[in-house]
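J.: First the structure, which I've put down as structure tokens, then a few questions once you've had a look.
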Amino acid sequence: MRTRRIVAFCLVAVSAACAGDLVGPPPATDRASLFDTVWREFDLHYSFFQLKGIDWAAVGARHRAAALAATSDRAFADELAAMFAELRDPHVSLTAFGPGSTVRYIAPFDTIPTHFSERSTLTRYVPNAATTASGAGHIRYGMAAPGVGYLRIASFLGQGWSGEVDEALAALPGATSMIVDIRGNGGGNRNVAIEIAGRFADRTRTFGYLRYRSGSGHGDFTDYVTQTVDPQGTRKFSGPVYVLTNRGDYSSAEDFVLAMRVRPQVTIVGDTTGGASGGPIVRELPNGWTYELSQWIEYTPDKQVFEGKGLAPDIQVVPTVATFAAGRDPVVDQALGLAAAANR
């Protein structure tokens, strides 16, 4: 019995030693290690270095000394954020956790001013939409004119709510044309955006392509990955659709535009979208801080990059502050005119 106990003890000891060897020492959390880790992860996975002409080695060299000389966690986070800011990418961010506080930094982006007043538009054209909303309130809807339905989707944040569009469509049985207003929609859940677009799809269509970083070189990418939109949902809308866009549309909102405009009966009205398409992934540093970086390049169906450029509308209408102050929305006016012509 004693021999068995000794053997068993030895086996446990050996197993523990092996487990320790497999796990290894905890990752370093000193500032030099943290800085080098995040710089290296971007170097291996960030998608837009070549497209934006960024010398990442030079960027890292400019910020490393200041980051290591930081006298507090907040100062260190500020320096990491300053390095990220040189990427000019809203899909790049840093979330720093400290005692009793959380600070989130988002890289600046070269935006173009846009003018839109949701309240003014709803009050003037679809007054019942101000109080009529689907399920959890993600979609506001109503009739903008006889035969013309209106859906307002301000964001694609969250998950699992694309079915709310079925409710909205069911509540507008008299609509033979539909306005889908996504102006100022900063994006959110890509799946939700494409699932909603599927309510307007007539068949499976390719709406774009993705290429992911796939190697150590800044130009190493996968082959083109086809992106499709399919008919789905309990309600379908097959009539003319007018999608309203502006410079405040980014990310998943641009996926929605791509997935909608491949259908022949869809017209995009308004201004060019913002042009931020990178598809962020979230990673964690050994000290618990998290950061996001763009992992892919997205392309239109003809394989054109729209990052930093945006998606141009079929019919450009650029409202001003004065037009909204006067109680008019020229983008909606244009869509209503097109719908009236289509319904004749």
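The values are calculated or read from the model by the stated rules, or taken from the named source; none is laboratory data. All of these numbers come straight from a predicted model, not from anything done at the bench. Cβ sites come from the backbone with ideal geometry, for glycine too, and all protein chains shown count toward neighbours. Just so you know, the surface numbers come from the protein's heavy atoms only, side chains and all, with ligands and any DNA or RNA stripped out. Shrake-Rupley method; radii C 1.70, N 1.55, O 1.52, S 1.80 Å.
J.: How would you order 180-189, 218-227, 142-151, 72-81 from highest to lowest mean count of nearby Cβ atoms within 10 Å? Walk me through the numbers on the way to the answer.
T.: Numbers: 180-189: 23.9, 218-227: 13.2, 142-151: 21.9, 72-81: 17.5.
Per-residue Cβ counts within 10 Å, averaged per peptide and sorted highest first, yield 180-189, 142-151, 72-81, 218-227.
J.: While we're here: State the extension gain, in nm to one decimal, for the chain segment bounded by S101 and Q265, taking 0.36 nm per residue of separation less the distance between their alpha-carbons. It would help to have the intermediate numbers written out before the result.
T.: Details: separation 164, 0.36 × 164 = 59.04 nm, distance 4.98 nm.
Full-extension gain reported as 54.1 nm.
J.: Carbon-plus-sulfur fraction of the accessible area of segment 29-106, 1.4 Å probe, in percent?
T.: Values: 1970 of 3620 Å².
Of all accessible area on segment 29-106, carbon and sulfur atoms account for 54 percent.
J.: Please compute the contact order of segment 63-181 in relative form: average sequence separation of alpha-carbon pairs under 8 Å and at least six residues apart, divided by the residue count, as a percent. List each step's numbers first, then the result.
T.: Details: 157 pairs, mean separation 18.3, N = 119.
That works out to 15 percent.
J.: Highest GNM mean-square fluctuation, the chain, Cα pairs closer than 10 Å: which of R190, R247, R124?
T.: Of R190, R247, R124, the most mobile in the Gaussian network model is R124.
J.: Would you please give the residues with an amide H less than 5 Å from that of V180, counting only those at least 5 places away or on a separate chain, with H modeled from the backbone geometry?
T.: Counting only residues 5 or more places away or on other chains, the set is L151, Y242, V243, L244.
J.: With everything on Cα atoms, drop me the angle between helix 56-68 and the longest principal axis of the chain, reported from 0 to 90° to the nearest 10.
T.: The angle comes out near 60 degrees.
J.: Provide the packing ranking of 308-321, 164-177, i.e. peptides ordered by the mean count of other C-beta atoms within 10 Å per residue, highest first.
T.: Working: 308-321: 16.0, 164-177: 18.3.
Result, highest mean first: 164-177, 308-321.
J.: On to the next question. State in Å² the accessible area per residue of the chain; use a 1.4 Å probe, count heavy atoms of protein chains only, and round to the nearest integer.
T.: On the way: 15860 Å² over 344 residues.
Per residue, the chain has an accessible area of 46 Å².
J.: What is the distance in Å between the Cα centres of segment 27-69 and segment 301-315?
T.: When both Cα centres are located, 30 Å separates them.
J.: Specify the angular offset, from 0 to 90 degrees and rounded to the nearest 10, of the alpha carbon long axis of helix 2-23 from the longest principal axis of the alpha carbons in the chain.
T.: 50 degrees
J.: Over the chain, calculate the relative contact order: mean separation of alpha carbon pairs under 8 Å at least 6 apart, over the residue count, as a percent. Intermediate values should be presented prior to the final figure.
T.: Working: 673 pairs, mean separation 59.7, N = 344.
It comes to 17 percent, rounded to a whole number.
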